[in-house]
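Working notes for the structure below.
Just so it is clear, none of the values below were taken in a lab; they were calculated from the coordinates. Since the structure is predicted, the reported quantities are computational estimates derived from the model, not experimental observations. Neighbour counts run over all protein chains shown; Cβ positions are idealised from the backbone, glycine included.
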Amino acid sequence: MSAAPPLVLSVAGSDSGGGAGIQADLKTMLALGVHGMTVVAAVTAQNSLGVQGYWELPAEAVTAQLDSVLGDIGVDAVKTGMLASADLVSLVAARLSTVDAPVVVDPVSVSKHGDPLLAADALEAVRTLLLPVAAVVTPNLHEVRQLTGVEVTGAGDLRRAADAVLALGPGAVLVKGGHLAGDAVDLLVTAAGEEYEYRSARYDNRHTHGTGCTLASAVASRLACGDTLPDAVAAAKEYVTGAIAHGFALGAGIGPVDHGWRQR
C-alpha cells in the first residue's frame, strides 16, 4: 500500500465545459502529483462561448462538504475560487480560518468572457473576511480594481496594486499582469515586504480559458508539497505558461489551457 500524496482541497464552482473551476483544479492537481478534493460551491452552465447561468449550492451543502473532507481526510493546502455569494464567502472564510494549512485565494468575480460569477454585494465579504485568511491571494488586474480601486496600466503599477491588496490582510499577494502588453509579468509581494517578479514570454494563443484557476491550484499544490511560497509560485508559473502555450480550440469560442501538456 502506498502512502497518500499531499492533499489539496478546492472550494470553487463547477465548469460544465471542463476548462476552468473545479475541473481545472483537479486536472492541475493530478498533473502536479497531489490528491485533489472538492467542495462544490456553485454549478455553472458554461461552454467556450460563455456562462449561460449559475446556481449556488445551499449553505448546508457547502458546510457538509467542508466538514466531510476536513473532519476525516484533512488537507495540506486549500484553494478557493468561485464562491458566488456573500453568505458562501462568509461561511467558507469562517471554516478555513480554523484550518492549519495554507489557503490560496483566487478572488473570482467574472469569467474569461466577462460574465459575472460573484454577487455584487459579496465583494465586501471577500475583502474583510476571506482575504485575511489567505496565505496568498492571486488577483488579476480586473480583480485588483474591484477589490481596491487601483487601476494598473503598466508594470510600474504592479507594486502599488500589491500594496493595496496587502492592506486588506492576506499574507501575500500575487498580482497577475497577464493582461498587460509585452512579457507576462506577475509580481509576488509578502506582508513582510519581500518582492519577487516572475516573467515569461507571451504566447499568441487565444485559448486561455482556466488560466487563473490553474495558476492558483498549481500554487496550492506546490505549497502542499512543501515548497516555499516564492518557489511554489515559480513552479506554478512554469506549469501554467506551458498550459497556455498548448491551449487548444474547443467549441466555437475560447478553448482551455492544456492541463496535460507535460504528459503529451
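For region 61-90, the residues whose amide N sits under 13 Å from a probe point set 7 Å from the Cα of ALA4 along the beta carbon direction are 68-77. Taking Lys and Arg as +1 and Asp and Glu as -1, the other residues whose beta-carbon sits under 13 Å from that of ARG199 total -1. Summarising the label geometry, the points placed 7 Å from Cα in the beta-carbon direction at GLU60 and THR128 lie 2.8 nm from one another. The mean of 1/r over all pairs of different alpha-carbon atoms in the chain, once inverted, gives a Kirkwood hydrodynamic radius of 18.0 Å. Each 5 Å bin from zero up to the one holding the largest Cα-Cα distance in region 159-264 carries the following percent of pairs: 2, 12, 21, 23, 19, 12, 7, 3, 1, 0. With the convex hull of its Cα atoms as the shape, region 223-264 has an orientation-averaged projected area of 3.6 nm². Dividing the summed -39500 (n - 2.57) terms of all DSSP H runs of n ≥ 4 by the residue count of the chain sets its mean residue ellipticity at 222 nm at -10000 deg cm²/dmol. Per the Debye calculation on region 127-196 with a single equal scatterer at every Cα and no solvent contribution, log₁₀ I(q)/I(0) for q = 0.16, 0.27 Å⁻¹ amounts to -0.45, -1.25. Note on region 17-155: Cα Rg divided by 2.2 N^0.38 Å, N the number of residues, gives 1.03.
Loop-located trypsin sites (Lys or Arg not before Pro) in region 157-215 (DSSP state other than H, G, I, E, B) with a sparse environment of at most 11 neighbouring Cβ atoms within 10 Å: ARG206.
Convert 25 °C to kelvin, take the viscosity as 0.890 mPa s, use the Kirkwood radius over C-alpha pairs of region 203-242 as Rh, and evaluate the Stokes-Einstein diffusion coefficient in µm²/s, rounded to a whole number. Reported coefficient: 237 µm²/s.
Work out, step by step, the length gained on full extension between ASP163 and ALA252: first 0.36 nm times the residue separation, then minus their alpha carbon distance; give nm to one decimal.
28.1 nm
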